[in-house]
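Each remark here refers to the structure printed beneath this line.
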Ligand SMILES: Cc1cc2nc3c(=O)[nH]c(=O)nc-3n(C[C@H](O)[C@H](O)[C@H](O)COP(=O)(O)OP(=O)(O)OC[C@H]3O[C@@H](n4cnc5c(N)ncnc54)[C@H](O)[C@@H]3O)c2cc1C
């Protein structure tokens, strides 16, 4: 347990995949009412094809779970519940939205395919190893670092420049490369601790920086036994376990019930639902032990807790997180979590519980002889409905810290009125984002993962999109389809150009990667490139002959032009550095750059290469570095150079504008 609190918490799962290894898979959407106070662009995104619909398809909640749905029990329950509605605020019911693909060959033979992020991560890492592993770790794209813990993020101004971490118990810094973004995806409470510790946010009116708007769900588990005859069911003929959702509202806020039902004799129908039944013998045993007369049903109520989306003055009497004076084994202040229901919360909780009891009674045909109630403290079913105490509390209510639905402290919205923007970026930090329920402005009544995963995709798309240059008028992108390019290699060279989405990366040793779609006469070529080490060598070729000519590589050098990328200005014949005709920005072996062209390693640079008649101008990061009158070819192909094994130069945003007329010089 990394934090301390006024409430009992079971804690976080310190493992790859986090709590997605343990979760129940319930994945309802937030309703329009739930989303009423959310930023409009976020609501539009969630309800678009890219939002809930994509996530539901990815995690499996979009498809019916046959095992749960295709039973007589499911049909009887759904029609009985729908027949009873509207009732005590409950207004709709349907199949449970579970992140499970469960097309089983027979009821009870459960397909073990519930979504978890762990296998996704492992698949992605394996895919990366398969594709890029042969080139060594420097070519890899995705690393999973086990036993890593982040203690704080260090900023220079409003930019995260390094992390303070421990790896396998050893504390060390980790530099954040220029242009790199950091995403806090370590659970609401730990992400909030990092933000309070590192970003200078939170109200300090009570000393330690504090963030409000902490919310969890008001959760109850009301279990009853109902006579099968009251549901119109005979004795079970197959293993019956089922799940449904019912939604409702009271006192201006929402709640829903996860309804699980099974023909078990004990009080836990959900346990059977998630049991693996790997063989026929176990299935036969379970079938033989099914209760022929009763169905056990649990109504797990999930009620919306109210938040306090106030940046500056979180009410101390309500829920919030700050930094405790108590430190952990690393000397870091732990989070202190204050989680308390308001009186409004208590009222909603009671209304939700009443709705569950009323619904259960309705399913029993409103005949007390058809229903028994589980009294958990005594471990017995009884025929009288249990009552809450004078404060509205019942033994069926869970502790607020146990729901695993903590959310809201890093809520998104407008600058000044929230902590993050609608892409999950901290307003006051330009390269730090949040993924997870911490972003929710309000909690609504839906289990959080479907929404959190959808928002994470929005963040990812924004980050990817920000790397794409918006074409300026008159510029068109070069095609990135590999079929529009051709690599010509030196004999036995494994030269290759790897396509990482919209980024091209050189690989192997010598070769030229010809853009085959068309030739260009007069044009302006705009592209970005970056190097991973000073010793890298590459170049942009323009106005070169076709790759089909004899000795095409040599012809490119002799007849065309290479705009050089090499920080050293290396001469391979003498093995010496510092040759102006061979340094970045040189028109290779023709004209040196007019000024220094040293760049930062790992940072994207911008070449604008204008070829107009005999004149070739090279602009690097906004500075004209070469202006050359060429006696060579005035039209031809464009190519990118793969030079040597240690070079992994990347290119992106290749845009070209054709110029009509030859220049007047
Ligand atoms: C039993 C159970 C049932 C649930 N059922 C459902 C359900 O049916 N539907 C639903 O929507 N939700 C459910 N949840 C909740 C859901 O699992 C969580 O809301 C969700 O996993 C939160 O995702 P997260 O990425 O924010 O945090 P987590 O899943 O907790 O992941 C956080 C990760 O960060 C790591 N980490 C934490 N601190 C640090 C640090 N300082 N440095 C480095 N790494 C760190 C952890 O090791 C972990 O891998 C359930 C949870 C549990 C436990």
_Helix-only mean residue ellipticity at 222 nm for the chain, each DSSP H run of n ≥ 4 adding -39500 (n - 2.57), per residue, nearest 500_ = -5500 deg cm²/dmol
*Rg(Cα) / (2.2 N^0.38 Å) computed for the chain, rounded to two decimals*: 1.21
*For residue 330 paired with residue 473, estimate the spin-label separation in nm (one decimal), with each label point 7 Å from Cα along the Cα-to-Cβ line.*
5.2 nm
*Name all residues of the range 606-634 having a backbone nitrogen under 18 Å from the label point set 7 Å from the Cα of residue 558 along its Cα→Cβ direction, giving them as ranges.*
631-634
*asked:* Using the basic label-point model (7 angstrom from Cα toward the beta carbon), what is the residue 137 to residue 430 distance in nanometres?
replied: 3.1 nm
*asked:* Taking the Cα of residue 235, stepping 7 Å toward and past its beta carbon, and measuring to each backbone N in the range 292-313: which are under 18 Å?
replied: 292-296
*Note the full-extension length gain between residue 15 and residue 168 as 0.36 nm times their separation in residues minus their Cα-Cα distance, in nm to one decimal.*
53.8 nm
*Gyration tensor (alpha-carbon) shape descriptor, the range 1-84, a/c threshold 1.5*: oblate
*Separation of the residue 635 and residue 79 label points, Cα + 7 Å toward Cβ, nm*: 7.7 nm
*Work out how much length residue 268 to residue 204 would gain on full extension: take 0.36 nm times their residue separation and subtract the Cα-Cα distance, in nm to one decimal.*
18.5 nm
*Calculated FRET efficiency for the pair residue 343/residue 177, C-beta based, R₀ 51 Å, to 0.05*: 0.55
_Percent of alpha-carbon pairs separated by more than 25 Å within the range 476-658_ = 25 percent
*Which length gain, in nm to one decimal place, applies between residue 480 and residue 375 when the Cα-Cα distance is subtracted from 0.36 nm times their residue separation?*
31.3 nm
*Kindly state, to the nearest 0.05, the FRET efficiency for residue 598 paired with residue 64, given R0 = 51 Å and r defined as their beta-carbon distance.*
0.25
*Return the FRET efficiency for the residue pair residue 398, residue 646: r is the Cβ-Cβ distance, R0 is 51 Å, and the value is rounded to the nearest 0.05.*
0.30
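Read the figures in this text as sums done on the coordinates, not as results from a lab. Small disclaimer: the values here were computed from a predicted structure and weren't measured. Glycine gets a Cβ as well: all are built from the backbone with ideal geometry, and neighbour counts include every protein chain shown.
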